[in-house]
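S.K.: Dropping the structure in here first, questions after.
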Amino acid sequence: MYVKKSLITGFAAVLLLSSCKNDRKMLDALADYNHLMEEKGYRFGDKISLPKEVTDRAERISVSFGDRETSVLTVDPEFFEFGNNEVTFNIRTKDGETLNQDATINVFTKMPEQNIAYEIVAEYPHDPENFVEGFFIEGNTVYESTGLKGKSRLIKYPLGSTVPSLSEKQAPEIFSEGCAVAGNKIYQLTYQSKKGFIYDKETFEKISEFPLPDEFWEGWGLTYDGKNLIADTGSNDLYYLDADNPSKVVKKVPVGGNKDIYNQINELEYHNGFIYANVWHQPYILKINPATGEVTGRFDFTKITEEHTKNNSEHVLNGIAFKGDHMLVTGKNWPKIYEVAVR
Ligand SMILES: [Ca+2]
């Protein structure tokens, strides 16, 4: 009896050992595959073709995203979005075990961003004291929201001058961020105070303030498309806000690149059916299709950006406005505003 029991235990242990070994092998194969694919990325419609070591041992495989789960191993926009998707692979083996592995699935666009050729047709002065966070123009009047605690202001000035015709200083604890005009009001986000402000466009009188949406970690860029305010929070997502109640997110549009994940989208400008955005610490301005989130084109401003970042790496490109069909471009503490014509 004693001998028999020991034999059975021994046999079970060998089985368990070999099953553990196979599980390890399977998970290693899955990890290798996921690492390889993280670099390469997926496009919508792609199959997630897991290695044979996984499919041979699996009875059922699913992918979960927080509380949602699918067993269809295809990159379906119903579950996946552009950029990083943090998922878990759940595998039930033929031995009845359930194994999990976390993975990052990167989804890119099918078409590469078109390099947009441009020409700098004019230059205007910009106050190098201005740590620009929000920037737009109406007629010949530039509106600017400048950041940093103790230095944040909302100002307006005629293009060509650096002297504000109106200036509204923020409380010292406020770090102002993006701003946009909708009708006769200016909306402004704050960086980490979890609130935004609404001003009268003419007088800069503060009309009200609002809490930033619950989805917001921080407030970054802001623009207006004629219907909704569009904001970003330092990720690759654009948030459409209800202009009558900017605490409410109407929809989220994740932005996708062909090879890049634009995780820190910052200053924004809506113009003629597209959203233009710069990316924190990058010399690019992206042209985004707002319906799909795809970056369709990209301006490369490496040359002018390097000129301004060479003495201070924080003096990055961060200002987009449209003067007719010409784009105005500036940056944090840049002494210039560039007028850009698309070739
Ligand atoms: Ca802007």
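The values are calculated or read from the model by the stated rules, or taken from the named source; none is laboratory data. These figures come from a predicted structure and were not determined experimentally. Virtual Cβ from ideal backbone geometry, glycine too; neighbours counted across all protein chains shown.
S.K.: Name the single residue, out of those in region 96-111 being surrounded by 13 or more Cβ atoms within 10 Å (Cβ to Cβ) and over 18 Å from the mean Cα position of the chain (by Cα), that is farthest from residue 296 (Cα to Cα).
M.R.: Per the criteria, the residue is 97.
S.K.: Just wondering, is there one or more residues in region 184-195 that are of a type outside the set (Gly, Ala, Ser), part of a loop (DSSP other than H, G, I, E, B), within 15 Å of the ligand (Cβ to nearest atom) and in contact (Cβ under 8 Å) with a residue 12 or more places away in the chain?
M.R.: Within region 184-195 (the criterion being of a type outside the set (Gly, Ala, Ser), part of a loop (DSSP other than H, G, I, E, B), within 15 Å of the ligand (Cβ to nearest atom) and in contact (Cβ under 8 Å) with a residue 12 or more places away in the chain), the answer is no, since none of the residues qualifies.
S.K.: Shifting gears a bit: Pairs only if they're at least six apart or on different chains, beta carbon under 6 angstrom, first in region 308-321 and under 20 Å from residue 136 (Cβ atoms), second among the basic types (Lys, Arg); list them, first residue then second.
M.R.: 316/332; 318/332
Residue-wise test of (1) among the hydrophobic types (A, V, I, L, M, F, W, C); (2) closer than 19 Å to residue 275 by Cβ.
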{"residue": "138", "(1), (2)": "no, yes"}
{"residue": "142", "(1), (2)": "yes, no"}
{"residue": "145", "(1), (2)": "no, yes"}
{"residue": "157", "(1), (2)": "no, no"}
{"residue": "169", "(1), (2)": "no, no"}
{"residue": "198", "(1), (2)": "yes, no"}
{"residue": "212", "(1), (2)": "yes, no"}
{"residue": "226", "(1), (2)": "no, yes"}
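S.K.: Let me ask something else. So the check is Cβ under 6 Å with 6+ separation or different chains; which pairs have a first residue in region 323-335 that's of a type in the set (A, V, I, L, M, F, W, C) and a second one that's assigned to a loop (DSSP other than H, G, I, E, B)?
M.R.: Cβ pairs passing all conditions: 334/126.
S.K.: Pick from 174, 207, 155: which is outside any loop (DSSP other than H, G, I, E, B) and more than 16 Å from the ligand (Cβ to nearest atom)?
M.R.: Details: 174 fails: outside any loop (DSSP other than H, G, I, E, B); 155 fails: more than 16 Å from the ligand (Cβ to nearest atom).
Answer to the check: 207.
Listed here are the residues, each with its yes/no results for (1) farther than 24 Å from residue 224 by Cα; (2) touching a Pro at 6+ places or on another chain (Cβ under 6 Å); (3) of a type in the set (Gly, Ala, Ser); (4) part of a loop (DSSP other than H, G, I, E, B).
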{"site": "278", "(1), (2), (3), (4)": "no, no, no, no"}
{"site": "291", "(1), (2), (3), (4)": "no, no, yes, yes"}
{"site": "299", "(1), (2), (3), (4)": "no, no, no, no"}
{"site": "312", "(1), (2), (3), (4)": "yes, no, no, yes"}
{"site": "315", "(1), (2), (3), (4)": "yes, no, no, yes"}
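S.K.: Sticking with this structure for a sec: Go over the candidates 169, 156 one by one and state the one that is surrounded by 19 or more Cβ atoms within 10 Å (Cβ to Cβ) and over 27 Å from the mean Cα position of the chain (by Cα). Steps first, answer last, please.
M.R.: Working: 169 fails: surrounded by 19 or more Cβ atoms within 10 Å (Cβ to Cβ).
Just a single option satisfies the conditions, and that option is 156.
S.K.: Test of understanding: among 210, 204, which residue is over 29 Å from residue 107 (Cα atoms), surrounded by fewer than 23 Cβ atoms within 10 Å (Cβ to Cβ) and touching an Asp or Glu at 6+ places or on another chain (Cβ under 6 Å)?
M.R.: Within the list 210, 204, the selection yields 204.
S.K.: With the structure loaded, tell me whether residue 120 is under 27 Å from the mean Cα position of the chain (by Cα) and in contact (Cβ under 8 Å) with a residue 24 or more places away in the chain or whether it fails that test.
M.R.: Answer is no for this residue.
S.K.: Sort out which residues of region 32-50 are within 16 Å of residue 88 (Cβ to Cβ) and not charged (D, E, K, R), and write them in order of number.
M.R.: Passing the criteria: 33, 34, 35, 37, 48, 50.
S.K.: Out of everything in region 241-286 that is among the aromatic types (Phe, Trp, Tyr) and within 16 Å of the ligand (Cβ to nearest atom), what residue ends up being nearest to the chain's Cα centre (by Cα)?
M.R.: 280
S.K.: Looking at region 94-132 only, could you name the residues that are farther than 25 Å from residue 295 by Cα, assigned to a strand (DSSP E or B) and assigned by TED's automatic domain parsing to the domain that holds residue 40?
M.R.: Answer for region 94-132, where residues must be farther than 25 Å from residue 295 by Cα, assigned to a strand (DSSP E or B) and assigned by TED's automatic domain parsing to the domain that holds residue 40: 98, 99, 100, 101, 102.
S.K.: Is it the case, given these coordinates, that residue 191 is among the hydroxyl-bearing types (Ser, Thr, Tyr) and touching a Cys at 6+ places or on another chain (Cβ under 8 Å)?
M.R.: Details: among the hydroxyl-bearing types (Ser, Thr, Tyr): yes; touching a Cys at 6+ places or on another chain (Cβ under 8 Å): no.
Judged against the criteria, residue 191 is not a match.
S.K.: If you don't mind, another one. Only residues that are at pLDDT below 95 and surrounded by 12 or more Cβ atoms within 10 Å (Cβ to Cβ): list them for region 216-253, please.
M.R.: Selection gives 234 alone.
S.K.: If you go through region 92-136, how many residues are under 17 Å from residue 277 (Cα atoms) and of a type in the set (Gly, Ala, Ser)?
M.R.: Of the residues in that region, 2 qualify.
S.K.: Still on this structure, I have one more. Could you list all residues from region 259-276 that are part of a strand (DSSP E or B) and among the β-branched types (Val, Ile, Thr)?
M.R.: Within region 259-276, 265, 275 qualify.
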